[in-house]
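Asker: Questions regarding the structure given below will be posed in turn.
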Amino acid sequence: MGTEAERQDTRKAMAFDLCNIIDEDPSQETYTKEEIKKIIRVYVTTADQK
């Protein structure tokens, strides 16, 4: 499973990735709850694919 430090690093990396995804489209200044949930779902789903 990994150490607590590795889990914390993984959480931080995920948050950083999601922030970058949200910032990719400068024309979109606001997101709805549904849009944020969709971004997270797509991120998690595609992160499992290698």
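Asker: Compute the signed sum of charges (Lys and Arg +1, Asp and Glu -1) over the other residues within less than 15 Å, Cβ to Cβ, of residue 28.
Answerer: Residues near residue 28 contribute -4 overall.
Asker: Just how much of residue 21 is accessible, in Å², when a 1.4 Å probe is used and the result is rounded to the nearest 10?
Answerer: Number for this one is 60 Å².
Asker: Between helix 33-47 and the chain, what is the angle of the helix's C-alpha long axis to the longest principal axis, kept within 0 to 90° and rounded to the nearest 10?
Answerer: 40 degrees
Asker: Along the charge dipole of the chain, Cβ charges K/R +1 and D/E -1, which of 45, 15, 32 sits furthest on the positive end?
Answerer: It is 45.
Asker: Could you give the dipole magnitude of the chain about its Cα centre, charging the beta-carbon of Lys and Arg +1 and that of Asp and Glu -1, in debye to the nearest 20?
Answerer: 260 debye
The values are calculated or read from the model by the stated rules, or taken from the named source; none is laboratory data. All of these numbers come straight from a predicted model, not from anything done at the bench. All Cβ positions, even for glycine, are placed from backbone atoms using ideal geometry, and neighbour counts span all protein chains on display. SASA here: full protein model, heavy atoms, side chains in, ligands and nucleic acids out. Shrake-Rupley method; radii C 1.70, N 1.55, O 1.52, S 1.80 Å.
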